[in-house]
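Nothing in this text is a laboratory measurement; each read-out follows from the coordinates by a stated rule. Computed from a predicted model, the values in this text were never measured in an experiment. So basically every Cβ, Gly included, is an ideal-geometry build from the backbone, and we count neighbours across all protein chains shown.
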Amino acid sequence: ELCKGINGLDKIILREVRGCSAEVYLYGGHVTSWKNEHGEELLFVSSKAIFKPPKTIRGGIPICFPQFSNLGSLEPHGFARTRFWTIDNDPPPFPINSSNKAFIDLILKHSEEDVKIWPHRYEFRLRITLGPGGDLMLTSRIRNTNTDGKSFTFTFAYHTYFHVTDISEVRVEGLETLDYLDNLKNRERFTEQGDAIVFESEVDKVYLSTPTKIAILDHERKRTFELRKDGLPDAVVWNPWDKKAKTIPDLGDDEYKHMLCVEAACVEKPITLKPGEEWRGRQELSAVPSSYCSGQ
Ligand code: TA6
């Protein structure tokens with residue numbers, strides 16, 4: 001269902017039989033809402049989010065491509081999140097079976113303007129699927145369509161903002177004992193110690209070569225988010241905490257308490273595609289009452 005969102009921007013609403021839903025803006029190919037069958041919002045979007053191109057939308061799931069963060073010469077997190085995507089009505093067959101599921105296919109291609117800042121031609125296909133249980137799946141396929149024989153290299157992230165009740169009560173499981181790059185310490189490499197990850201100050205880390213499953217436990221809501229990923233070896237964890245939050249104009253001063261970014265990503269080892277080659281990367285999210293989770 002295509003309709004008008006904030007400021008008249010086009011958005012698509014996906015609905016599932018039990019009442020789960022998701023919303024996707026064509027601007028950015030950006031998921032801005034994911035609700036369970038009770039209508040509870042599972043993603044965080046700032047009350048100060050600006051839905052006005054060329055601003056980026058604070059919250060939901062920004063797509064970081066072709067550059068994660070400021071790891072290259074492009075704008076932070078690349079340009080895909082500030083471009084207008086189109087609906088792809090005739091996508092080539094996907095490896096996943098989306099029958100019985102609500103989904104939308106979007107596409108972004110190089111524009112002549114963008115070729116000036118990133119001199120490559122590509123087709124980026126994004127399928128966003130809402131499964132029968134309300135699972136939210138994002139599958140990206142990026143193809144090098146250069147005609148000059150040149151390869152290109154990129155980094156990538158699904159910059160997912162989870163909505164949490166109280167960040168101080170949240171635990172992340174699946175990253176303990178892993179190596180990470182600490183963005184707050186010049187991207188130096190450290191090894192995570194001990195138990196599950198908890199939050200008591202600013203965190204901005206890239207965990208390297210993580211397991212494919214990460215759990216985010218929201219104790220107050222007694223809910224666990226499960227993130228599963230494929231083709232994306234790394235996982236970014238970010239919360240700006242109080243001081244940094246105050247420097248972010250489109251984030252309320254106290255909103256950091258209700259958000260946590262956990263992002264399926266490919267950061268440490270960039271992906272290189274030769275002309276004609278395609279890369280796939282997938283992130284699947286589910287939200288379940290904690291008592292139903294394995295090992296709880
Ligand atoms: O993913 C973590 C991060 O790269 C942080 O360093 C932080 O700056 C955040 O993303 C938000 O970036 P943005 O450009 O959306 O303000």
* To do: Quickly estimate the mean residue ellipticity at 222 nm for the chain, helices only: each DSSP H run with n ≥ 4 gives -39500 (n - 2.57), and the total goes over all residues, rounded to 500.
  => -1000 deg cm²/dmol
* **Kirkwood-Stokes translational diffusion coefficient of the range 2-292, alpha-carbon pairs, 4 °C, 1.567 mPa s, µm²/s** => 67
* Structure fact -> With no solvent term and unit scatterers on the alpha-carbon positions of the range 234-296, Debye gives log₁₀ I(q)/I(0) at q = 0.16, 0.28 Å⁻¹ of -0.84, -1.14
* Ranked by how many other beta carbons lie within 10 Å on average, peptides 156-163, 85-92, 35-42, 102-109 from highest -> 156-163, 102-109, 35-42, 85-92
* Label point distance in nm, GLU113-GLU200, each placed 7 Å from Cα along Cα→Cβ -> 4.8
* Asked: Which whole-Hz couplings ³J(HN,Hα) result when phi for each residue of the range 142-149 is put into the Karplus expression 6.51 cos²θ - 1.76 cosθ + 1.60, θ = phi - 60°, listed in order with x for Gly and Pro?
  -> 10, 10, 7, 10, 4, 10, 9, x
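Short version: what are the Cα gyration tensor semi-axes of the range 149-296, square root of 5 times each eigenvalue, largest first, in whole Å? Could you put the intermediate results ahead of the total?
On the way: eigenvalues 143, 73, 45 Å².
For the range 149-296, the semi-axes come out at 27, 19, 15 Å.
For ARG18 and GLU37, compute 0.36 nm times the residue count separating them, minus their Cα-Cα distance, and round to one decimal in nm.
Additional length available on full extension: 6.3 nm.
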* Using θ = phi - 60° and Karplus 6.51 cos²θ - 1.76 cosθ + 1.60, couplings along the range 79-86 (whole Hz; Gly, Pro as x) -> 9, 4, 6, 10, 10, 8, 8, 10
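Checking the a/c ratio against 1.5 first, then a/b against b/c, what shape does the Cα gyration tensor give for the range 30-159? Intermediate values should be presented prior to the final figure.
Details: a/c = 2.31, a/b = 1.32, b/c = 1.76.
Oblate.
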